[in-house]
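Input: a single structure, listed below in structure tokens.
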Protein chains: 2
Amino acid sequence: MEDLRSKLARNSGSSRIRELLHLTERPDMLSLAGGLPATEALPVDRIRSAFTAALDTRGLQYGPTEGVHDLREYVADRHGVTVGDVLITNGAQQALDLIARAVVDDGDVAVVESPAYLGASQVLQNVGASITAIASDDDGLDTRVLQEMVDRGLRPKLVYVVSNFHNPTGVTLSALRRGELAEIATRAGALLVDDDPYGELRFAGQPVPPLAAPSLVRVGTVSKVLAPGLRVGWMVGPPWLIDACVRLKQATDLHTSTLTQCVALDLLRDADWFAEHLAFIRGLYRERAHTLTGALTDRFGDRITIAPVHGGLFAWVRFADGTDADELFARAVARGVAFVPGSSFTLDGGRRDAARLCFASLPPARLVDAVDRLAARPPPPPPPPPPGGGF
Amino acid sequence: MEDLRSKLARNSGSSRIRELLHLTERPDMLSLAGGLPATEALPVDRIRSAFTAALDTRGLQYGPTEGVHDLREYVADRHGVTVGDVLITNGAQQALDLIARAVVDDGDVAVVESPAYLGASQVLQNVGASITAIASDDDGLDTRVLQEMVDRGLRPKLVYVVSNFHNPTGVTLSALRRGELAEIATRAGALLVDDDPYGELRFAGQPVPPLAAPSLVRVGTVSKVLAPGLRVGWMVGPPWLIDACVRLKQATDLHTSTLTQCVALDLLRDADWFAEHLAFIRGLYRERAHTLTGALTDRFGDRITIAPVHGGLFAWVRFADGTDADELFARAVARGVAFVPGSSFTLDGGRRDAARLCFASLPPARLVDAVDRLAARPPPPPPPPPPGGGF
């Protein structure tokens, strides 16, 4: 079997997301690690009634690879495009996987932000991309750095960004940077991938107009606004890319569950309900974000800095006192609190000065408990054994 | 964009399945083309009650990549293995895709039957496999031919078979051939992939003991026994393969819908209901198979031969009178009946003497209508225009 396994070694990549998901299942763990929506934000009753209403044999049968037509139409309307520009996928993650497989060849350059979403880096590693990570700051990806690298000959096939409430940094790409990024990508002939799972979760500040470029694909999902368990996402892009991804998806899994597409559609196009639901979860997350960042500031004071949180699920904490987040992580897990060290989001293991904390999954009181556990001093070393001590 | 599109041209492959699915959507079409279960076989009410019972926030949240634990346990019990040997996938198709991506490198040899399931060939083409198609007969893949090729130096990484009620031929691999195939694959160091979506749909004849080999992965699905729209399937294989496929699946789409997994599990482990349901659909398909093959024999007589149909969804019709099934297909679609020409299932466009007809999707009276349309003589050429005729 050694022959068969030779490919596996090269494909192993990071399995940290998976390990983290396992970790968060420990019942005693206060987890700030996952990117899970609040349990309270999951519209169980509304989904039950959608299911009862939507369920017929059509929803149980094979369906078109492109997705349920009415759901594609809903997404197309929202983005001001036509149905042919939309492919429904198993969450945003599958959209990223299909895009990478369609566009990137072994050795091609792909640009990501640093730090970057783990799942995107894995997808790009799996297709053999040569990944160039460009530093980001409080305005998002640093376009000057990218421009310099392109000037020096970098030829990316694909540029991947999370434009709103970035994972892990929470940062939103500024309007100025959006324009510059679109220009750079266009001149370089690169496909711009705008992964936007969090854009609708803005609870403070002003929205920034979406990225626009001739060769741009937007990736969306219901995971953060309805329910991740549905596994319904989409891409909106140029027909040549949609066609290629449809062909790949056909061989990959035929199509996304007709049933969960119908459920998602029923909720999305119930405009009044959906608007109310979004207002509710934005309020929920606003409160949790303030609670978490407030508690962190209380306990850690000027040992940390936290970028202002205007939406999404994450607070990005930077330790100003030399704390190594990787080491803190090990101590924290032992004390029953989990987060994701910043180094998990970089290709070179950098950003050990930072940590991603999800404020969405825990109610406010538990968030405060979690910060208490995080801030606890390590226990004193055990006293030396008494002389002549027993077993 | 020409650069970006260069990879697409190589990846385009066949999109015939997709075109066929579109074709079957025409309301006037009597389709024997798809591999769709009967509408009457879809347990709508039972799924509705499963959903109402199973739906809680757990089913709406992110879940483990490996799949819902209890569903994995159910599948493991059925196959006499442990939970660690099971990965839940989006239908059987995703299992094939993950296995191929985990095991096959560009240029590696993969063996399939000829004719073979289109979706498997596409998966193998997408990973750059060098596909060797081995002729099959009424006992399934011809192991003597495979043995000869291995003797002459063929070194397959993977051997793919549909062991029960093959798609498209309906043939079941004989017990003798199963033993021989396992031996050949084992000696050659190849992974044996046993794709078995139809095994539970036996309505005549005796079951054959399952394939057994040290390096074997079984692929299963609820698509043919419950509902394809759920998109729930699985693979059961050695831990090294499961681990590799879990890592790939994590980057591919994180996990299969928790919701549809919970629904599938609720139905599968309701043992009495499931046994009754299987008995019902076996009876339904027995009747439809007999109706279709009977009508074909009535209308076509000794112009065709049909292998005995003991289960599954398909009848494989061979034309003994020189009929070209590709040409018949074009005429048939014009007359409002669709099937899949045999050449769609071969890599070299061979088997134009044969056709795959699905008996499952239409009620008996419509099956007879479909055969009538298929058997209709082409209309006579239009009469010459009258002299001095108008516009």
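The requirement of being under 22 Å from B:Trp240 (Cβ atoms), in contact (Cβ under 8 Å) with a residue 60 or more places away in the chain, touching an Asp or Glu at 6+ places or on another chain (Cβ under 7 Å) and not β-branched (Val, Ile, Thr) is fulfilled somewhere in the stretch B:73-89, by at least one residue. Looking only at residues in the stretch B:314-332 that are aliphatic (A, V, I, L, M) and in contact with a helix residue (DSSP H, G or I) (Cβ under 7 Å, 6 or more places away or on another chain), which one is farthest from B:Gln125 (Cα to Cα)? The residue in question is B:Ala320.
Of the numbered criteria (1) modelled with pLDDT under 95; (2) in contact with a strand residue (DSSP E or B) (Cβ under 9 Å, 6 or more places away or on another chain); (3) not charged (D, E, K, R), the one B:Gln93 fails is (1). It is to be established whether one or more residues within the stretch A:140-149 are of a type in the set (Lys, Arg) and in contact (Cβ under 8 Å) with a residue 40 or more places away in the chain. No, the stretch A:140-149 contains no residue that is of a type in the set (Lys, Arg) and in contact (Cβ under 8 Å) with a residue 40 or more places away in the chain. Just for the stretch A:52-85: of the residues that are over 22 Å from A:Gly220 (Cβ atoms) and within 10 Å of another protein chain (Cβ to nearest Cβ), which one is surrounded by the fewest Cβ atoms within 10 Å (Cβ to Cβ)? Checking each candidate, the answer is A:Thr52. Picking from B:Gly189, B:Gly205, B:Gly179, B:Gly237, which residue would you name as being within 28 Å of A:Thr256 (Cβ to Cβ) and among the small types (Gly, Ala, Ser)? Unique residue meeting the criteria: B:Gly237.
Which of the following residues is touching a strand residue (DSSP E or B) at 6+ places or on another chain (Cβ under 8 Å), modelled with pLDDT of 95 or more, more than 30 Å from B:Phe274 (Cβ to Cβ) and not polar (S, T, N, Q): B:Val171, B:Val111? It would help to see each step written out before you state the result.
Values: B:Val171 fails: more than 30 Å from B:Phe274 (Cβ to Cβ).
Going through B:Val171, B:Val111 in turn, just one is touching a strand residue (DSSP E or B) at 6+ places or on another chain (Cβ under 8 Å), modelled with pLDDT of 95 or more, more than 30 Å from B:Phe274 (Cβ to Cβ) and not polar (S, T, N, Q): B:Val111.
For the stretch A:305-317, the criterion of being more than 25 Å from A:Pro207 (Cα to Cα) and not β-branched (Val, Ile, Thr) is met by none of the residues. Any residue at all in the stretch B:42-59 that is among the hydroxyl-bearing types (Ser, Thr, Tyr), assigned to a loop (DSSP other than H, G, I, E, B) and touching a Lys or Arg at 6+ places or on another chain (Cβ under 7 Å)? No, the stretch B:42-59 contains no residue that is among the hydroxyl-bearing types (Ser, Thr, Tyr), assigned to a loop (DSSP other than H, G, I, E, B) and touching a Lys or Arg at 6+ places or on another chain (Cβ under 7 Å).
Tell me the residue from B:Arg26, B:Arg72 that is basic (Lys, Arg) and not assigned by TED's automatic domain parsing to the domain that holds B:Gly336, please.
Criteria check complete, one pass: B:Arg72.
Scanning the stretch A:288-319 for residues that are hydrophobic (A, V, I, L, M, F, W, C) and free of Cβ contacts under 8 Å to residues at least 24 places away in the same chain, we see that the one that is farthest from A:Cys358 (Cα to Cα) is A:Ile304. Only a single criterion out of (1) within 16 Å of A:Thr221 (Cβ to Cβ); (2) away from chain B (no Cβ under 14 Å) is not satisfied by A:Ile281, namely (2). Candidates in the stretch A:91-117 are the residues that are within 9 Å of chain B (Cβ to nearest Cβ) and surrounded by fewer than 24 Cβ atoms within 10 Å (Cβ to Cβ); of these, the one that is nearest to A:Val193 (Cα to Cα) is A:Arg101.
The values are calculated or read from the model by the stated rules, or taken from the named source; none is laboratory data. Given the structure is predicted, the values throughout are model-derived calculations rather than measurements. Cβ: placed from backbone, ideal geometry, glycine included. Neighbour counts: every protein chain shown.
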